[in-house]
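In what follows, a single structure is set out as C-alpha cells and then discussed.
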Amino acid sequence: MVSPTHAAPMAALYGVPMHEAIASGDVSKMIAIRDQALDYLAAASEIERLLPSLEKTMKAKGLPPQALYGISIQDAVARGDQAELSRLKAEVAYYSRLL
C-alpha cells in the first residue's frame, strides 16, 4: 500500500509539468516531478489491484456499480471539469476490461 507520505498527487500529471521541469534545467524540479510521477504510478497500480475487491464487496451489499450515464459525461464536458472527465474516462476503461 502506498504510504501517506508517498501518496499520489491530487492533480493529474500531464506532460506540461514534466516539460517545464526539463526546460528549467533545475535538477531539484526534475527530481520532484519524477518522484511525484513514480508515486502516482504506484498508487494507480494499487487502485487497479483493489478496485475489483471493492466492487465485489459493494455488490455483495446490494449496491450497484457506478452507472456511467451520458448526462454525467455531458455535464462534466459543459462545466469543463477536466478532473471529472478523467475520472469518468478511467471508469469507462476499467469497466471495459471487465467485459
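Where a number appears in this text, it was derived from the coordinates with a stated rule and is not lab data. Keep in mind that what you see is a predicted model, and the values were worked out from it rather than measured. Cβ placement follows ideal geometry from the backbone for every residue including glycine, while neighbour counts extend to all protein chains displayed.
Odds and ends about this structure:
- Aspartates and glutamates whose Cα lies under 19 Å from that of residue 29, excluding same-chain neighbours fewer than 8 positions away: 20, 39
- Where labels lie 7 Å past Cα in the beta-carbon direction, separation of residue 38 and residue 56 in nm: 3.2
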